[in-house]
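**Q** Once you've had a glance at the structure underneath, I'll fire off some questions.
The values are calculated or read from the model by the stated rules, or taken from the named source; none is laboratory data. All figures in this text were calculated on a predicted structure; none of them were measured in a lab. Reconstructed Cβ throughout: ideal geometry from the backbone, glycine too, with neighbour counts over all protein chains shown. With ligands, DNA and RNA removed, areas are computed over all heavy atoms of the protein, side chains included. Shrake-Rupley method; radii C 1.70, N 1.55, O 1.52, S 1.80 Å.
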Amino acid sequence: MEFKEYTVEELVELKMLEKPMDGNHGGKHPTSKDYVKKGIPFIMVSDINSGKINYNTCKYISKSTRDSLDKGFSKPNDVLLSHKATIGLTAIVDTEFDEIVLTPQLTYYRVKDNINNMYLKYYFDSSYFQNVLNSWARSGSTRAYLGITAQLKLPILLPDMVTQNKIAKILSDIDKKIELNNQINNNLYEIMRLKFNEWIEGLEDYEISNLSSIANYKNGLAMQKYRPENEIGLPVIKIKEMNSGISAETERCKSNIDPEVIINNGDVLFAWSGTLCMTIWDSGKAGLNQHIFKVTSDKYPKWFYYFWTLKHLDKFIQIAAGKATTMGHIKRGELDTSEVLIPSSEELNEMNQIMSPMLNKYIENKLENKNLEQLRDTLLPKLMNGEIDLDNIEI
């Protein structure tokens, strides 16, 4: 397999919206006064998540605002690349809208006939390109940035079109399976939440208890006191890792910490300080940082204590928001006063037959996605440098 090196300007048309340096320079770009409820999407870097554009979080602008701009109009099938501050995020513009407008921190890449746009997106995700992009963007500046002129000189390693198509299909098939699992899990989660709420509203035979009585809420440790010595150690899970997973920036801790603050796949986590949130962990053995509870129970099934905690989460968030002088948090006493209805054993067992299989499938899909992501990220550099025989890969 032969890869030839090109520059961006040989293969791709690219542009970005210009942000004015002052009143007399550059073009215009939308600000908060231009946002409307419906219109043309205005995509910021924060709207790029897991290689996709999130149209639920983005802002929208009117056609008249769009017409006042002169650059930054991206169309379906364009490849997006972030080039300022947060470097190297990618996505492909889908067909949901005929046109979107990009923040000045994003560039669109519109491919020509001899390059597959999906291949280009995955090439941008490769460690080789990311290293080049970051080294160029961080040279000579305290804040990472790479303008259009420099982007035009970025290298693109390109095989023939047949090989591009094969690489793009292998990697996109993995991403499609991940997306399918995510859709299934979104549906499963909503079904479980609705069934739980309907169930507790219909209970007639029950005892009144509280969160502290149905589960153990074990707080994590101040892991800066438990740095690893002569070992890699365990990743430290803070709120960032709860929401985004483990990264190269994730801190490490000793592996011989208290077993009660070691978390494993399937454990329920509840952040009670800062950004209050919940998740079911799916990224392997790790150490739990302070301000996060690991929630367990020897008496009740996981779905029971998970959804009862979730039912009180909005209330906890409001309590935390009211603590204006300190970082928002709740006290353990709030668990003692948060009401829980305990049904009869018969009713609990009947509901468990419905809820446990769904929750188990939900967790299974999360874990499969982690394995698929690892497979994709392992394959990506090997496919890009020709190490793997494409004809022998089956997904």
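**Q** If packing is taken as the mean number of other Cβ atoms within 10 Å per residue, what is the order of 164-172, 32-40, highest first? Don't skip to the end; give the middle numbers.
**A** Details: 164-172: 19.4, 32-40: 12.3.
Those peptides, ordered most packed to least, come out 164-172, 32-40.
**Q** Here's something else I'd like to know. Identify, among I237, N182, I214, the residue whose Cα sits farthest towards the positive end of the charge dipole of segment 172-241, taking +1 on the Cβ of Lys and Arg and -1 on the Cβ of Asp and Glu, with the dipole about the Cα centre.
**A** Sorting the options by dipole projection puts first I237.
**Q** Considering only protein heavy atoms, with the full assembly of protein chains and a 1.4 angstrom probe, order H83, H291 by accessible area, largest first.
**A** The ranking, largest first, comes out as H291, H83.
**Q** Contact order normalised by length for segment 193-274, with contacts defined as Cα pairs under 8 Å and 6 or more residues apart; what percent is it?
**A** Taking the mean separation of contacting Cα pairs over the length of segment 193-274, I get 28 percent.
**Q** Could I ask something else about it? R0 = 41 Å: FRET efficiency of S127 with D298, Cβ-based, nearest 0.05?
**A** 0.40
**Q** Using a 1.4 angstrom probe on the protein heavy atoms only, line up V268, V162, V111 by accessible area, largest first.
**A** Descending accessible area places them as V162, V111, V268.
**Q** Could you pull the accessible area for K299 with a 1.4 Å probe, rounded to 10 Å²?
**A** Roll a 1.4 Å probe over it and K299 shows about 150 Å².
**Q** Tell me, in nm to one decimal, what length is gained between S135 and A222 on full extension, where the rule is 0.36 nm per residue of separation less the Cα-Cα distance?
**A** 27.9 nm
**Q** Moving to a separate point now. On full extension of the chain, what length is gained from L375 through D314, given 0.36 nm per residue of separation minus the C-alpha to C-alpha distance?
**A** 18.3 nm
**Q** Still on this structure: Counting alpha carbon pairs within less than 8 Å and at least 6 residues apart, what relative contact order, in whole percent, applies to the chain?
**A** 15
**Q** Only Lys, Arg, Asp and Glu count, each charged at its Cβ (+1, +1, -1, -1), so figure out the dipole size of the chain about its Cα centre, rounded to 20 debye.
**A** Dipole of the chain, to the nearest 20 debye: 1420 debye.
**Q** Further question: Can you quote the Å³ per residue value for the convex hull of the Cα atoms in segment 62-202, rounded to an integer? If you can, show how the numbers build up before the last one.
**A** On the way: hull volume 26.3 nm³, N = 141.
Residue-normalised Cα hull volume stands at 187 Å³.
**Q** Still on this model: Ignoring everything except DSSP H segments at least 4 long, calculate the 222 nm mean residue ellipticity for the chain; use -39,500 (n - 2.57) per segment, divide by total residues, nearest 500.
**A** Value at 222 nm, helices only, nearest 500: -11500 deg cm²/dmol.
**Q** Run down the aspartates and glutamates and flag those whose C-alpha is under 20 Å from the C-alpha of K33, throwing out any fewer than 8 positions away in its chain.
**A** Straight-line reach from K33, under 20 Å: E18, D22, D47, D67, D70.
**Q** Label-point separation (nm) for E231 and N182, each offset 7 Å from Cα along Cα-to-Cβ?
**A** 3.5
**Q** If I take R0 = 41 Å and measure r between the Cβ atoms of T57 and E368 in this structure, what FRET efficiency does the formula 1/(1 + (r/R0)^6) give, to the nearest 0.05?
**A** After rounding, the FRET efficiency stands at 0.95.
**Q** Could you tell me what percent of the accessible area of the chain is made up of carbon and sulfur, with a 1.4 Å probe and every protein chain present?
**A** Solvent-exposed carbon and sulfur of the chain make up 47 percent of the total.
**Q** With a 1.4 Å probe and every protein chain left in place, work out the accessible area per residue of the chain in Å², rounded to a whole number. List each step's numbers first, then the result.
**A** Values: 20600 Å² over 395 residues.
Accessible surface, normalised per residue, equals 52 Å².
**Q** Next question, about the same structure. Considering every Cα-Cα pair within the chain, what fraction, in whole percent, is farther apart than 37 Å?
**A** The proportion of pairs with Cα distances above 37 Å equals 36 percent.
**Q** Here's something else I'd like to know. Run down the lysines and flag those whose C-alpha is under 20 Å from the C-alpha of K302, throwing out any fewer than 8 positions away in its chain.
**A** List returned: K195, K218, K285, K294, K311, K361, K366.
**Q** Between I257, I200, P357, whose Cα lies farthest towards the positive end of the dipole of the chain when Lys and Arg beta carbons carry +1 and Asp and Glu beta carbons carry -1, centred on the Cα centre?
**A** The Cα lying farthest towards the positive end belongs to I257.
**Q** Name the residues of segment 124-164 whose amide N is less than 12 Å from a point 7 angstrom out from the Cα of L390 along the C-beta direction?
**A** The answer is 158-164, whose backbone nitrogens lie closer than 12 Å to the label point.
**Q** Full-extension gain between Y189 and E249, please, as 0.36 nm times their residue separation minus the C-alpha to C-alpha distance.
**A** Gain in length upon complete extension: 18.6 nm.
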